[in-house]
Amino acid sequence: MKSRVKMTDNKQTGQSGLTEEFQAAHSALVLDASFANTKVAIGRVFVLENNRIEPSEDDRKKRYGLSPETEGGADNDVPEAAKAQFVEEQTERYNDARDRTIVTYENYLADAQHALIEVRDIALDSLGAELALVRDSSLAKKVHARIQDGTSAEVAADDEYEKVIAKFRSMDAPSIKKVAVELDQHRATLQHHLHPDKKLATLSNIQPGTLLVSPTFPLSALSSFRDHETSKNLVDGAITDAGSLESHGAILITGMGIPYARIAAEDMARMKNDDIAIMDGAKGQILLHPNKTVIESYEVQVNAQQDQSEALLHKSEKRKSVATTDGVKVNVHANFSVSHEAHDLKIANPVGIGLYRTEIAASMRENSINSNVWQSIFKQNMAACDPKGSGYIGTTIRTIDLAGDKSELPKAEREQIQSDMTQVQMHALALVQKDMAEQGHKSKLRVMVPMISSNEDMKAMQAMMDEQAQKADAKSIKLGCMVEVPALITELDKLDTAFMSVGSNDLIHSILGIDRYDSESIKKYDPTNPAVLKALDEVTSVGAERDIPVSICGNMASDPRYTALLIGAGYTNMSAKIDSIPIVKEVASRVNMEEARQLFDTIKDTDTRAGREELLRDFNSYLGLSADGHIDLEWKAPDDAWTPSTREIDG
């Protein structure tokens, strides 16, 4: 159990702890923010930014610590004893900073032993090579020579690094250009060690209760968001000034139960290391420098939020599937991406993995992944997520999807890479299924392909799967199809597929004509839009008519506010973010199928967004679910059935 939040507790004085720093007359600096969820977090700011500390022009002009304009500042005017003392001091400073930089990278290499399964091999190789670069003495000799000539350690190191970095930058090969990036980071690390007043901000410095502030959150760094031994989150909140709340980084972070917010760049610049801040997802605000009263009021909210999460998780551990109040079985599966999620997934107790995103592992590696590596990654993660620890969890794997923010490559190049990667994955998946069968495990593997726009596309993908299975000397796998391209809706009646899984994120954004990866898209995102609901209805109708299993994944399936609406549309198989599984299960168990269908039909026929959202709020309130995501744990089913006329609805 996570310790309760009590930032105002001081056992020695009996008075406020962190809040002692603020006078009661102060309240807080309020920063507007867009959130990916409605959660609340309190913590200390940690700014993840380690840029080059470039010496000033004045520093560059100095010789033996003196400016040329200073009396006695010319080289021939500086006493030899003063020169010797300067050289000794600067050499000692540089050597100490270099030794500390080597230790920093040795620690990085040690941490790589705990890296995700998906990148552990390359992390060890890459950091081993980087450590060798840091230890290389040739650059150190050049810095020592510059110091002997009267240059400060800061200027000598910066200049000599820049000469080497410029050479690598000028070369065409990407692998060589990468060395320039690595050297640039080495320089920044050394410069921070040269300046005791400059804190080296690395993910290894994160302490429990951190609100992490950074322009970007690399997917490969997410494993550092939690303690490797306890699997508890170290990061309580993530704040950035760029990117979409629908990005895959945001999805993975919120899936860990971490509030994620985007603020203006000028506001992010106000946030400094060790500042106390509060993230309020319900109000869309970040409160910077809050006083004691403000913190205490939010402590109550955070602890209530924690109590709810623990109570729901306890119930979720006891039930894999749930049933609606009228006996309809609802299966809640998990979205899965990387190995560090296995711990939380087993506790949440889903029916299985309903969406395994393979592009996340691919994005963490610079080089393409061969079939053997994919096979190893898939099998290790399926085994790690098995609740019994003796087999493999039932898993639906989506072949590589490089659309949107998953790749910055030009479209033609991206499509070719996706095709090549898909074939390699299919080869690996055929072998995974073969291996599981030979080990005596009942096959629990399903495979689906993304971005299908026609039956012709689906046939081509199945032919590719058949070909790769033949090359692997294995039985082929009948593929499922993701329904996320609007054009496919009109071809569902003839689609040759094992199952259909609605990708709600892309489908909704495509139908509404908005860019999912635009930072402002959240304002236009409306899952209740009648065009969206008609498409969702069509998928379940065709699935029922043709006896094709249907499921849904994406943010809509993870948001408990839409659980009843989806059940009303006929979706009794959902794949949600791991952190959302307990509350989605709980809401589903309170739904009456007939009432949910009435809700769906009523909202689908309501013209205004305000009217649709009011209907949904009213129904969720009937289930004990508030707009801010709080659920009444003491809820009892009302005696009267829900109808749209329960209260007057505008619109």
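What FRET efficiency would be calculated for the residue pair residue 59, residue 173, taking the C-beta separation as r and a Förster radius of 45 Å, to the nearest 0.05?
0.85
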Helix-only [θ]222 nm of the chain, DSSP H runs n ≥ 4, -39500 (n - 2.57) each, per residue, nearest 500
-14000 deg cm²/dmol
Would you pull out the residues with amide H under 5 Å of residue 481's amide H, same chain only if 5 or more places away, H placed 1.01 Å from N?
449, 498, 499, 500, 501
Using the Karplus curve 6.51 cos²θ - 1.76 cosθ + 1.60 with θ = phi - 60°, what ³J(HN,Hα) values do you get for each residue of the stretch 460-475, in whole Hz, with x for Gly and Pro?
5, 5, 5, 5, 5, 4, 4, 5, 5, 5, 5, 5, 8, 6, 9, 5
How large is ³J(HN,Hα), in whole Hz, for each residue of the stretch 553-562 in order, when computed from phi with the Karplus curve 6.51 cos²θ - 1.76 cosθ + 1.60 and θ = phi - 60°, using x for Gly and Pro?
9, x, 4, 5, 6, 8, 9, x, 5, 9
Computed FRET efficiency, Cβ-Cβ of residue 608 and residue 34, R0 30 Å: what is it to the nearest 0.05?
0.85
To test your reading of the geometry: what angle, between 0 and 90 degrees and rounded to tens, separates the Cα axis of helix 371-384 from the longest principal axis of the chain?
70
Skipping prolines and chain starts, which residues have an amide H placed within reach, meaning under 5 Å, of the one on residue 209, given they are 5 or more residues away or on another chain?
236
So, with points 7 Å from each Cα along the Cβ direction, the residue 85-residue 524 label distance in nm works out to 6.8
How large a share of the accessible area of the chain, in percent, is made up of carbon and sulfur atoms when the probe is 1.4 Å and the other protein chains stay in place?
48
I'd like the distance separating the alpha-carbon centroids of the stretch 524-570 and the stretch 294-361, in whole Å.
20
Burial-style ranking of 385-393, 36-44, 571-579, 318-326, average other-beta-carbon count within 10 Å with highest first, yields 571-579, 36-44, 385-393, 318-326
Quick tally, 1.4 Å probe accessible area for 130, 89, 545, sorted with the most first, runs 545, 89, 130
Given [x] 194; [y] 178; [z] 161 as possible values of volume of the Cα convex hull per residue in Å³, the one from the coordinates is [x]
For labels at residue 537 and residue 309 in the simple 7 Å Cα→Cβ model, what's the distance in nm?
3.8
Can you pick out the pairs among 379/411; 39/315; 283/534; 534/585 whose Cα atoms lie more than 22 Å from each other?
379/411; 283/534; 534/585
Residue by residue through the stretch 597-612, the couplings from Karplus 6.51 cos²θ - 1.76 cosθ + 1.60 with θ = phi - 60°, in Hz, x for Gly and Pro, are 5, 5, 4, 4, 5, 5, 5, 4, 9, 9, 6, 9, 4, 4, x, 5
Taking the chain as the reference, fit the longest principal axis to its C-alpha atoms, fit the long axis of helix 174-194 to the helix C-alpha atoms, and give the angle between the two in degrees, 0 to 90, nearest 10.
60
When the chain is fully extended, how far beyond the present Cα-Cα distance does residue 129 get from residue 487, taking 0.36 nm per residue of separation?
124.1 nm
Nonlocal amide H pairs with residue 495, under 5 Å, H built at 1.01 Å
none
List the pairs from 232/577; 61/142; 434/577 whose alpha-carbon separation is above 24 Å, in the order I gave them.
434/577
Using a 7 Å offset from the Cα along the Cα-to-Cβ direction at both residue 95 and residue 195, what is the distance between the two label points in nm, to one decimal?
2.5
Subtracting the Cα-Cα distance from 0.36 nm times the residue separation, let me have the gained length for residue 632 to residue 320 in nm, one decimal.
110.2 nm
State the extension gain, in nm to one decimal, for the chain segment bounded by residue 413 and residue 162, taking 0.36 nm per residue of separation less the distance between their alpha-carbons.
87.1 nm
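The values are calculated or read from the model by the stated rules, or taken from the named source; none is laboratory data. Given the structure is predicted, the values throughout are model-derived calculations rather than measurements. So basically every Cβ, Gly included, is an ideal-geometry build from the backbone, and we count neighbours across all protein chains shown. In case anyone asks, the SASA skips ligands and DNA or RNA and just uses the protein heavy atoms, side chains included. Shrake-Rupley method; radii C 1.70, N 1.55, O 1.52, S 1.80 Å.
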